[in-house]
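Here is the structure we will look at, set down as structure tokens.
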Amino acid sequence: MTSDLASDLPSGFPPDPASKTAARAARTAPVTAAVAGTWRLGDLTVNRIGLGTMRLTRRADGSPSDRERMTGLLRRAVERGVNHIDTAAFYFSALRSANELINRALAPYADELVITTKVGPGRDPAGEWWWAGPGQLRGQVEENLRQLGRDHLDVVNLRVPRRETTGSVAEHFGALAELRAAGLIRHLGISNARPDHLAEALAIAPVVCVQNPYGIGSPAEDHAFVDACARQRIAFVPFYAIAGAGEDAGVVAPDGARVRAVAEAHGVSTAQVRLAWTLSRGPHVLAIPGTGNPDHLDENIAAGALRLSAREIALLGSTAGEAAAP
């Protein structure tokens with residue numbers, strides 16, 4: 001089928017009739033984001049398939065995106081049941097801002113729409129990165145409020161610069177907790193964080209979500225963190241679930257043989273398999289795949305209807321270190 005790794009596929013391929021039915025649902029529009037179920041971020045209920053907006057501001061070649069196409073995509077997402085949108089003030093290109101596009105497309109905002117943003121990193125007008133100190137976080141929160149045209153932010157994630165080396169987050173998270181007490185923020189989360197960062201934050205204020213890189217091939221400690229969040233009823237919101245090691249650049253390497261074989265067996269794309277596997281990790285896992293392509297948006301939403309078997313889930317979860325097949 002692809003390589004010798006395909007021989008590791010469980011018996012029963014192609015899928016049984018129930019799996020085929022789910023696959024047809026995953027390919028056929030329209031399904032809505034509600035197909036994957038819901039989770040609560042504090043007192044806010046969201047569908048588990050959301051939308052990341054980093055890719056709305058520029059085309060693949062780096063040129064500014066088309067404003068009308070991107071506002072149309074945002075409206076289409078909401079019409080298809082997406083009510084969890086992830087953004088940041090530092091998502092901008094020379095002529096486009098993700099927050100501005102959201103405001104233009106969706107204001108006045110529906111009551112059920114939850115907009116999550118993140119603070120910590122910043123970019124100057126030339127695009128150069130800087131990191132906020134605790135006393136600068138209020139300015140970043142107010143910048144998001146101004147750009148989005150809101151009087152409070154639904155969820156704000158504290159983004160950790162480098163989770164491998166970052167020490168205490170208490171001072172930064174404490175500053176955000178004060179803004180929450182002042183009514184500027186409804187709920188708090190942390191991003192790119194370690195379990196000890198989460199424990200430190202929970203000692204200061206409630207945490208509704210952890211937003212970390214995660215997907216097929218993630219190391220064992222990341223799987224354990226997902227499980228720990230489940231035990232604490234905290235949403236786990238993976239980014240780079242499709243892009244993997246490509247991160248901001250998008251998918252840069254071919255999918256491994258097992259991912260491709262499962263996708264072929266179900267008649268879906270490998271991106272849909274990756275999203276379905278991520279969602280299978282627990283009802284507390286939320287997806288925020290980013291795209292500026294309306295067709296990819298539809299595919300991402302439809303992935304919520306794809307049901308992988310327990311054996312497929314286990315197989316794909318064991319692909320850490322698997323080399324891509326030629």
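Among the residues making up segment 81-131, those that are more than 14 Å from THR71 (Cα to Cα) and of a type in the set (D, E, K, R) are ASP86, ASP111, GLU112, LYS118, ARG123, ASP124, GLU128.
Taking the criterion of being in a strand (DSSP E or B) and open to solvent by 60 Å² or more (accessible area, probe 1.4 Å), the residues of segment 32-44 that qualify are THR38, ARG40. Filtered by the rule that a residue be out of contact with any Lys or Arg (no Cβ under 8 Å at 6 or more places or on another chain) and either open to solvent by less than 30 Å² (accessible area, probe 1.4 Å) or not charged (D, E, K, R) (or both), segment 304-317 gives ALA305, LEU306, LEU308, SER309, ALA310, GLU312, ILE313, ALA314, GLY317.
What about VAL82, is it surrounded by 17 or more Cβ atoms within 10 Å (Cβ to Cβ), more than 13 Å from the chain's Cα centre (by Cα) and within 18 Å of ALA105 (Cβ to Cβ)? Taking the combined requirement at face value, the residue does not satisfy it.
Given ARG180, ARG162, ARG138, which one is of a type in the set (Lys, Arg), free of Cβ contacts under 8 Å to residues at least 60 places away in the same chain and either in a loop (DSSP other than H, G, I, E, B) or more than 26 Å from LEU113 (Cβ to Cβ) (or both)? First the steps, then the outcome.
Numbers: ARG180 fails: either in a loop (DSSP other than H, G, I, E, B) or more than 26 Å from LEU113 (Cβ to Cβ) (or both); ARG138 fails: either in a loop (DSSP other than H, G, I, E, B) or more than 26 Å from LEU113 (Cβ to Cβ) (or both).
The conditions single out ARG162.
Among the criteria (1) surrounded by fewer than 15 Cβ atoms within 10 Å (Cβ to Cβ); (2) touching an Asp or Glu at 6+ places or on another chain (Cβ under 8 Å), the one ALA170 does not fulfil is (1). Taking the criterion of being modelled with pLDDT of 95 or more, outside any helix (DSSP H, G or I) and within 20 Å of the chain's Cα centre (by Cα), the only residue of segment 92-109 that qualifies is SER97. In the set (1) under 22 Å from the mean Cα position of the chain (by Cα); (2) among the hydrophobic types (A, V, I, L, M, F, W, C); (3) open to solvent by less than 20 Å² (accessible area, probe 1.4 Å), the condition left unmet by ALA132 is number (1).
Hey, can you tell me all the residues within segment 272-296 that are touching a helix residue (DSSP H, G or I) at 6+ places or on another chain (Cβ under 8 Å), crowded, with 22+ Cβ neighbours inside 10 Å and assigned to a helix (DSSP H, G or I)? GLN272, VAL273, ARG274, LEU275, ALA276, TRP277, LEU279, listed by residue number.
When segment 140-162 is filtered for residues that are open to solvent by less than 40 Å² (accessible area, probe 1.4 Å) and not acidic (Asp, Glu), the ones remaining, listed by number, are GLN140, VAL141, ASN144, LEU145, LEU148, LEU153, VAL155, VAL156, ASN157, LEU158, VAL160.
Here's a check for you: in segment 175-191, which residue that is open to solvent by less than 20 Å² (accessible area, probe 1.4 Å) and under 30 Å from ALA220 (Cα atoms) is farthest from the chain's Cα centre (by Cα)? Of everything passing the filter in segment 175-191, LEU188 is farthest from the chain's Cα centre (by Cα). So GLU112 passes all but one of these: (1) open to solvent by 10 Å² or more (accessible area, probe 1.4 Å); (2) more than 20 Å from ILE301 (Cα to Cα); (3) assigned to a loop (DSSP other than H, G, I, E, B); (4) in contact (Cβ under 8 Å) with a residue 24 or more places away in the chain. Which condition number does it fail? All conditions are met except number (2).
The values are calculated or read from the model by the stated rules, or taken from the named source; none is laboratory data. Just so it is clear, the model here is predicted, and its values are computed rather than measured. Reconstructed Cβ throughout: ideal geometry from the backbone, glycine too, with neighbour counts over all protein chains shown. SASA here: full protein model, heavy atoms, side chains in, ligands and nucleic acids out. Shrake-Rupley method; radii C 1.70, N 1.55, O 1.52, S 1.80 Å.
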